[in-house]
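Visitor: Input: one structure, supplied below.
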Number of protein chains: 2
Amino acid sequence: MVGTKGAETSSRLAESMLELIQRHGYSGTGLNAVVEHAGAPKGSLYFHFPQGKEELGERAVELAAARFGSLVTGSSTATATATASASATVGEVLGRVIDELAGMLEGSDFQLGCPVSVVTLEMGAESERLRGACADAFESWIAPVSELLVAHGRPRTVARVLATAVVSMVEGAVIVSRAQRSTDPLRCAGQAIDVLLAAQGVEASE
Amino acid sequence: MVGTKGAETSSRLAESMLELIQRHGYSGTGLNAVVEHAGAPKGSLYFHFPQGKEELGERAVELAAARFGSLVTGSSTATATATASASATVGEVLGRVIDELAGMLEGSDFQLGCPVSVVTLEMGAESERLRGACADAFESWIAPVSELLVAHGRPRTVARVLATAVVSMVEGAVIVSRAQRSTDPLRCAGQAIDVLLAAQGVEASE
């Protein structure tokens, strides 16, 4: 049994893993650093994550999926429905995502990146478990964007293609922005999204 | 003096570093593994790269920049001019890039990713030298795409925004494709690029 205090420790460990992955990647994040960052008792890591780093990495990726997904769904937990955001235009929702990510980059002096990208690139060839968690994380962002486009009148197949391209563009733009220490690439992505939505008649169909 | 054989060893070491970074990331690539992969004599690494891993990583990023850049410029060395590709439409050039990257993913059973993305995400907070190399690499892809758009009649400011968004989208799509073990995300990016080019009147203005 893990009590309230145990659940807090488990949650702090996952949060610390997430932040350290965002900063240094997965391989560059040692478990001792995670325990120290979380201010958790030594030994607590294998109590809460008996399968070790891979399990903790999976939890961190799930945490990132839910957190960024909630920007799209407008709810505190990411779901594949766009109910909570039905009143916002697609452009408004995606604009909010761009603003949040720009804020994360500037607020961290361009030291934080996307944990799902880096885990995919480092561990995709090593761990099916982590690769699967990353695939699920991307899907958890593509699905609600796609649903939002459908809710605003786009055919399902067009919506899926557009949502996948938009998530890819935002993902890539965070990386280019981090490399260039400028949010300009993210802003360029925002402008391209507006063009894509207009070309697809998305806003016009509302 | 580094003779022909020395230059070959230096080149093989950089190629091996590049491939191992594409597969496992930067932190997960040990120098012993690089020397072994390159079939190079022990001790040759610090002879050719006296500053060690960071210097070798920088060379690998430069190599990746030139290799992928040449897909856009159509030449064996990447330059910021689009002369060699002036006869191809922008859509054709970017379609060729998408095809090449899809081939790389499928040919490696989705084990290879973009070395510039992963070095940015792992080392952006650690090494100004590597972060700078990654920023230069992205710029070496954005600039020729932008020049190609200008050559096909787009205003320079519009071309720059579009080129930055396109490079970000392709970059992100390689990562999502790798996570999902499918080239569908890359194909979605290709379709979105066609929509962007059509919306911007790029092909129409030729």
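Visitor: Among the residues of segment B:131-151, is there at least one that is closer than 28 Å to A:Asp136 by Cβ and surrounded by fewer than 24 Cβ atoms within 10 Å (Cβ to Cβ)?
Guide: no
Visitor: Based on this model, can you work out whether A:Arg156 counts as over 19 Å from the mean Cα position of the chain (by Cα), basic (Lys, Arg) and more than 8 Å from every other protein chain (Cβ to nearest Cβ)?
Guide: yes
Visitor: Somewhere in segment A:187-205, is a residue surrounded by 23 or more Cβ atoms within 10 Å (Cβ to Cβ) and of a type in the set (Ser, Thr, Tyr)?
Guide: no
Visitor: For segment B:95-206, which fully contained helices (runs of 4 or more DSSP H) count at least 2 residues that are out of contact with any strand residue (DSSP E or B) (no Cβ under 6 Å at 6 or more places or on another chain) and more than 22 Å from A:Leu121 (Cβ to Cβ)?
Guide: Answer list for segment B:95-206: B:128-151, B:156-180, B:184-199.
Visitor: Of (1) at the interface with chain B (Cβ under 9 Å from one of its Cβ atoms); (2) in contact with an Asp or Glu (Cβ under 6 Å, 6 or more places away or on another chain); (3) surrounded by fewer than 24 Cβ atoms within 10 Å (Cβ to Cβ); (4) not hydrophobic (A, V, I, L, M, F, W, C), A:Asp184 satisfies all except one. Which?
Guide: A:Asp184 satisfies all of (1) at the interface with chain B (Cβ under 9 Å from one of its Cβ atoms); (2) in contact with an Asp or Glu (Cβ under 6 Å, 6 or more places away or on another chain); (3) surrounded by fewer than 24 Cβ atoms within 10 Å (Cβ to Cβ); (4) not hydrophobic (A, V, I, L, M, F, W, C) except (2).
Visitor: B:Ser70 versus (1) closer than 30 Å to B:Ala163 by Cα; (2) modelled with pLDDT of 95 or more: which is the lone unmet condition?
Guide: With (1) closer than 30 Å to B:Ala163 by Cα; (2) modelled with pLDDT of 95 or more applied to B:Ser70, the lone miss is (2).
Visitor: Testing A:Arg59 on (1) closer than 20 Å to A:Leu162 by Cβ; (2) of a type outside the set (Asp, Glu); (3) in contact with a helix residue (DSSP H, G or I) (Cβ under 6 Å, 6 or more places away or on another chain); (4) modelled with pLDDT of 90 or more, one condition comes back false. Which one is that?
Guide: Of (1) closer than 20 Å to A:Leu162 by Cβ; (2) of a type outside the set (Asp, Glu); (3) in contact with a helix residue (DSSP H, G or I) (Cβ under 6 Å, 6 or more places away or on another chain); (4) modelled with pLDDT of 90 or more, only one is false for A:Arg59: (1).
Visitor: Looking only at segment B:117-151, how many residues end up being within 20 Å of B:Gly74 (Cα to Cα) and more than 7 Å from every other protein chain (Cβ to nearest Cβ)?
Guide: Total meeting the criteria: 15.
The values are calculated or read from the model by the stated rules, or taken from the named source; none is laboratory data. Treat the numbers as computed from the prediction; the structure is a model and nothing was measured. Here Cβ is always computed from backbone atoms with ideal geometry, including for glycine, and neighbour counts include all displayed protein chains.
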